[in-house]
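Single-structure report; data block below.
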Amino acid sequence: MTTEARVREELREIVDPCTAATGSNLDVVEMGLVDTVEVTEGQVRVAFRLTTPACHMVPYFIEEIESRVEPLGGVESVTVDTDNGMQWTPDMMTEAARERRQATLEGYESYYGEEASAE
């Protein structure tokens with residue numbers, strides 16, 4: 001029987017592509033992108049947050065979530081619901097993820113100058 005904890009464990013294998021592009025390689029769980037996971041009689045529903053309304057990675061996230069959750073024992077179907085990209089804030093990240101992100105930004109600053117981290 002698959003549990004919420006087991007699904008979240010699998011979702012930790014999905015690295016957010018935007019963080020991969022900047023070198024911090026944060027997974028979607030530590031980013032706070034996984035809102036809720038419901039497991040009921042073989043049906044898994046994942047509520048997923050987007051970081052921006054303009055996110056063009058929605059198909060990637062849905063495919064990754066489905067491909068990692070469907071093989072789990074007892075899973076018959078996976079549904080991924082996404083929001084409109086207006087709710088997520090960096091405060092939803094784990095403390096460790098914020099620290100890694102900040103270290104990456106500071107690395108850019110030391111290489112490129114202060115303008116690099118002035119997002």
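Key figures for this structure:
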read-out	value
Ranked packing of 5-12, 55-62, most packed first, by mean Cβ within 10 Å	5-12, 55-62
Measure of compaction for the range 1-112 (Cα Rg per 2.2 N^0.38 Å)	1.12
Accessible-area ranking of E109, E30, largest first, probe 1.4 Å	E109, E30
Sequence-separation-based contact order of the range 23-106, relative, with Cα cut under 8 Å and 6+ spacing, percent	38
Quarter of the Cα convex hull surface for the range 4-49, i.e. its orientation-mean projected area (nm²)	3.1
S67 accessible area, 1.4 Å probe, all protein chains in place, Å² to nearest 10	60
Rg/Rh ratio calculated on Cα atoms of the range 36-97 (Kirkwood radius)	1.02
Magnitude of the charge dipole, the chain, Cβ model with Lys/Arg +1 and Asp/Glu -1, debye to 20	80
Sequence of R100, R49 when ordered by accessible area, the most exposed leading, probe 1.4 angstrom	R100, R49
Structure-based [θ]222 nm, the chain - -39500 (n - 2.57) summed over DSSP H runs of at least 4, per residue, nearest 500	-11000 deg cm²/dmol
DSSP-defined beta bridges in the range 4-117 - what % are antiparallel, rounded to 5	55
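The values are calculated or read from the model by the stated rules, or taken from the named source; none is laboratory data. What you see is a predicted model, and the numbers here were worked out from it, not measured in a lab. Note that we place each Cβ from the backbone using ideal geometry, even for glycine, and neighbour counts take in every protein chain shown. Side chains included, ligands, DNA and RNA excluded: accessible areas come from the protein's heavy atoms. Shrake-Rupley method; radii C 1.70, N 1.55, O 1.52, S 1.80 Å.
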